[in-house]
1. Let me confirm something: among VAL53, VAL150, VAL77, which residue is assigned to a strand (DSSP E or B), modelled with pLDDT of 90 or more, surrounded by fewer than 23 Cβ atoms within 10 Å (Cβ to Cβ) and on the phi < 0 side of the Ramachandran plot?
2. In segment 261-276, which residues are closer than 21 Å to ALA300 by Cβ and not small (Gly, Ala, Ser)?
3. Quick one: GLY329 ticks every box in (1) in contact (Cβ under 8 Å) with a residue 24 or more places away in the chain; (2) in a loop (DSSP other than H, G, I, E, B) bar one, so which box is it?
4. Go through the residues of segment 96-118 one by one and say whether even a single one is closer than 27 Å to PHE268 by Cα, under 21 Å from the mean Cα position of the chain (by Cα) and modelled with pLDDT of 50 or more.
5. For the subset of segment 318-334 comprising residues that are of a type in the set (Lys, Arg) and either modelled with pLDDT under 95 or loosely packed, with under 12 Cβ neighbours inside 10 Å (or both), which member is farthest from ILE146 (Cα to Cα)?
6. Mind listing whichever residues of segment 259-283 are within 16 Å of ARG178 (Cα to Cα) and not in a strand (DSSP E or B)?
7. State whether one or more residues within segment 132-147 are assigned to a loop (DSSP other than H, G, I, E, B), under 25 Å from PHE344 (Cβ atoms) and β-branched (Val, Ile, Thr).
8. Test LEU346 against the stated conditions and say whether it is surrounded by 21 or more Cβ atoms within 10 Å (Cβ to Cβ), over 30 Å from ASN203 (Cβ atoms), modelled with pLDDT under 95 and hydrophobic (A, V, I, L, M, F, W, C).
Amino acid sequence: MQHRVLWGTLAFVSLFTSQAFTPVPAQAGELSDSTNYKVLEPIHHNNLTVFPVVAGKSYDTAGFITLDEGIKRGDVVVTEYGNERGMIRRPGNVQPGYESARVNTLVLVNNSKHPLILLAGEIVTGGRQDRVIGKDRIVPAESDPIDLSVFCVEHGRWVGDSNKFGAMSMNMAAPSVRGKAMGFQNQQMVWDSVSLAKEGALNGLPAAAPAPPAVAGTTSYAKVMSDPEIKSQVDAVAKPVEENYASTIKQLRDRHAVGVVVAVNGTFIWADLFASTDLLERYWPKLVRSYATEAIVTRAKGTTPTQAGAQAFLDRLDGRHETIDREPGLYRHTEVSGDGFKAFELTSLLPKTDYPVHIAKMVE
């Protein structure tokens, strides 16, 4: 199999001017229609550093909906596997023979007239266990029930009053949890990362404050991160960064602010890039809380990350192995493994799109 650099649609360059972006011809093994990215000066708060990223081009993403939007409107329904009999609406379709509930599979129906974007790391709460979505994907408008690959983030519980799920409002899994789901597809690693996140969050509480009983006695990632004491710590880190960058996004709308490079304790750990400023703004409140959660559960002294270092982190994408998963006419999901990192690209193949909707890079 011929390997190529992920983000072949995104031929990166190491030198930019502040006035304009110059398209770079695709290199051997890369795709055409390249888009350039530039890392800007960082936003710091305590041990969290976020570098805004602007792009040479932005796309129209107004036709997509997010998971939070779909669930809030009642257009997107997520339920335990085995509980969606009778939900198929289209004439002529065969009724699926769902069995009993499964830990790593949920069923999702998109009743909206718009395609749905799902991001790895988004958390749905309820059912028999809280779950985290394991892979970026696009769900077509007015879809039949689809099997949704997930990982449990609540080790131990397997009962529930309702089979339906809601989104974990304004949040998603921290990069350490998110990365184990999307990068390694390993349930035990996800559970281990949840345990470490809970331990780190409890260790961050004031010395005189006992662990909240509801937190100490739960294995639920959502309940831990929703506890008022822990939530206040996350907010203390997230809000200044969120507000600062929200202002930055508005100022940079004409320059296509589309994402961030993230450092915690001086170490670059993650990058999220979107197809448009609009899409970034819709995900930004939950993304920044994800990064802030990582910062509060992994406090340590570190060096000050630099703008040049962030650009280098974004540019370094030479991969050793590539995996492509696709649904014709809907999306293509590409994963590249390199030395010390994994990178992911979700490309829309819907009519009049054919562009990367979301790109993520994580350290291993």
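1. Residue meeting the stated conditions: VAL77.
2. Of everything in segment 261-276, those that are closer than 21 Å to ALA300 by Cβ and not small (Gly, Ala, Ser) turn out to be VAL261, VAL262, VAL264, ASN265, THR267, PHE268, ILE269, TRP270.
3. (1)
4. yes
5. Per the criteria, the residue is ARG320.
6. Once the filter is applied, which keeps residues that are within 16 Å of ARG178 (Cα to Cα) and not in a strand (DSSP E or B), segment 259-283 yields only TYR283.
7. Looking for residues that are assigned to a loop (DSSP other than H, G, I, E, B), under 25 Å from PHE344 (Cβ atoms) and β-branched (Val, Ile, Thr), one finds none in segment 132-147, hence no.
8. When the stated conditions are applied, LEU346 does not pass them.
The values are calculated or read from the model by the stated rules, or taken from the named source; none is laboratory data. This is a predicted model, so every value here is computed, not measured. Note that each Cβ is placed from the backbone with ideal geometry, even for glycine, and that neighbours are counted across all protein chains shown.
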